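**Q** The structure's right below; bear with me while I get my questions together.
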2 protein chains.
Amino acid sequence: MQESQASETTQKSIEVTIVSGILSAKIRPGTRLGENQLAALFGVSRTRVREAMMRLETRGIVHVSPRRGWFVVEPSAEDAIAVYEARRVVEAGLLRSMALLTEEGRKALDAHLNEERNAMAAGDRQRLTYLMGDFHIRIAELSGNTIIVDILRDLTARTILISMLYQSEFHAAQSHEGHCRIFEAMQTGDFVRAAELSVEHLDEVEMGLDLTARPDPLSDLRKSLSLPPRTASSTFQPSDPKIPTTKEQ
Amino acid sequence: MQESQASETTQKSIEVTIVSGILSAKIRPGTRLGENQLAALFGVSRTRVREAMMRLETRGIVHVSPRRGWFVVEPSAEDAIAVYEARRVVEAGLLRSMALLTEEGRKALDAHLNEERNAMAAGDRQRLTYLMGDFHIRIAELSGNTIIVDILRDLTARTILISMLYQSEFHAAQSHEGHCRIFEAMQTGDFVRAAELSVEHLDEVEMGLDLTARPDPLSDLRKSLSLPPRTASSTFQPSDPKIPTTKEQ
DNA sequence: CCTGGCTCTCTTGCATACAAGACAGGAAGC
DNA sequence: GCTTCCTGTCTTGTATGCAAGAGAGCCAGG
């Protein structure tokens, strides 16, 4: 999103920038988020960067390795399973609790599915990743319950990190079809069916993961040697290359 | 729970102390949480207190009024409705996703219900409040999914704050019966029924609230005059009176 | 060539200092 | 008496400084 100079509203912009970056698959799991780097990027002191990191940590988006740095989480296979389970629970519970789909909501979802189709046609993979996750958030928004929206946003962010680690190929068409089916069920007012389809859809995506493929083939070894998690900063390509070879200080 | 001197593990003890205090109804909504007070209590600097506050803010437990202080949230009527809806979604979704009740789990819930009975017999209202909320957290723990446990813990904390604001009388027996019914359904393996009962139970509790009774009859006026939210510190009675009239510095 | 240890640098952890806003209380003017 | 303004105090907001830990790299010894 916006860059530095975002002073004044920098309050939470660090947080949203990073989450947005993850939701659109621009930031990879394991990316190192140096306090000094971010402080320079946003033109603030480390204090505020740390605040943002703490918030993101409680949201399960980043974690800190003492005296070594902040890193975007690299969910383990167990984490991945837990995240998908949590999503099934929340999303199915949400759909079952719905009573009707307003015309407004119908339009919003319809427009979203069109966006998915456009992105597929254009082959815009990053945008596609974002849209595939966003669909579920949009459904939550229909409920008007910001608590659930926030929960699902964070879970979706983790889902995307998981897919970057364990998903070899991206079955966009399959996901899109799943979304369409859910939408159809919702349109007919059959929310129980929509919930079931949602669970199936999430199962499908989860099954498409190769959870045996460890994110880093050497992670076992690294851990036993207490070496740093793969920084992956070399593969971090922000759309706006604001992080040059900033040899900080 | 433990007090100052908790150095070393002070890492997150501020957070858990406050959340525990809320879960056991020892800290009222609107309680002012001064950075200096907490810093003195825990024997750390404001920095770490602020970190804890930020985390709690992310979790929806406290909020900050700029340059005026941190306060335990006072959920509005709308917030209350949203919290109960979120709980219904998550808890019903969770129960529906369960396949079996292990013997271990059965014992845990059974023991818990006994504790409820004991607290009712003893008339220990604080403990009862804690147990009534904890029952739902225990169910989440059965799933072994820490994500869901954390979500429900925070929602339960907010629920207790809501009950302190809007619940005139405490229908402990009614809640206990609701829990027993849910447990019975789970024992028979009928998790769909358990989910339905759970929704009914939450509806019952929600209906027992008087959401027309504003937490502070003058809150509208206060807001328009941008006066401080009611501190309620005068009604704050920690079981361990560690916060005397600490005229900080 | 390999191994062990040393140092040097870079990172976060934490405390502190100072800035700035929000009230409270009192004094001055009407 | 009432209102208005002003000043003092207390709060959080933010930056900065210093300490301590973790590695990376180098050098010596085998």
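**Q** Given a 1.4 Å probe and no ligands, DNA or RNA in the count, how much accessible surface is buried by A and B, both sides, to the nearest 100 Å²?
**A** Chains A and B together bury roughly 2000 Å² of accessible area.
**Q** Still on this model: For residue A:124 paired with residue A:196, estimate the spin-label separation in nm (one decimal), with each label point 7 Å from Cα along the Cα-to-Cβ line.
**A** Placing both labels 7 Å along Cα→Cβ, they lie 3.6 nm apart.
**Q** Given label points at 7 Å from Cα along Cα→Cβ, what nm distances, shortest first, separate residue A:146 from the same residue in every other copy?
**A** In nanometres, ordered from closest: 2.9.
**Q** Continuing with the same structure: Could you state the accessible area per residue of segment A:131-179 in Å², with a 1.4 Å probe and every protein chain left in place?
**A** It amounts to 32 Å² per residue over segment A:131-179.
**Q** Something else: What is the set of long-range amide H partners of residue B:30 at a cut-off below 5 Å, with H atoms built 1.01 Å from backbone N?
**A** Sorted by chain and number, the residues that satisfy this are B:72, B:73, B:74.
**Q** Name the chain B residue with the Cβ nearest the axis that maps B onto A: which is it, and what is the distance in angstrom?
**A** B:93, 1
**Q** Put a point 7 Å out from Cα along the line to Cβ at residue B:115; what are the distances to that point in the other copies, in nm, shortest first?
**A** Label-point separations across copies, in nm and ascending: 4.5.
**Q** Using only the heavy atoms of the protein chains and a 1.4 Å probe, how would A:102, A:156, B:146 rank by accessible area, largest first?
**A** Result, largest first: B:146, A:102, A:156.
**Q** Moving on to the next point. Relative to the other copies, what are the label-point distances for residue B:67, with labels 7 Å from Cα along the C-beta vector, expressed in nm at one decimal and sorted shortest first?
**A** 4.0
**Q** Is the shape of segment B:77-207 best called rounded, prolate or oblate, per the rule: a/c under 1.5 gives rounded, else a/b larger than b/c gives prolate, else oblate, with a ≥ b ≥ c the square roots of the Cα gyration tensor eigenvalues? Please report the intermediate quantities before stating the final value.
**A** Details: a/c = 1.64, a/b = 1.18, b/c = 1.38.
Oblate, since a/c reaches 1.5 and b/c is not below a/b.
**Q** Okay, next question. What list of ³J(HN,Hα) couplings, whole Hz, do you get for segment B:59-72 from phi and the Karplus terms 6.51, -1.76, 1.60, once you set θ to phi - 60° and write x for glycine and proline?
**A** Working through the residues one at a time gives 8, x, 9, 10, 9, 10, 9, x, 6, 10, x, 9, 9, 4 Hz.
The values are calculated or read from the model by the stated rules, or taken from the named source; none is laboratory data. All values reported here derive from a predicted model rather than from experimental measurement. Note: ideal-geometry Cβ built from the backbone for every residue, glycine included; neighbour counts use all protein chains shown. Heavy atoms of the whole protein, side chains included, go into the accessibility calculation; ligands, DNA and RNA do not. Shrake-Rupley method; radii C 1.70, N 1.55, O 1.52, S 1.80 Å.
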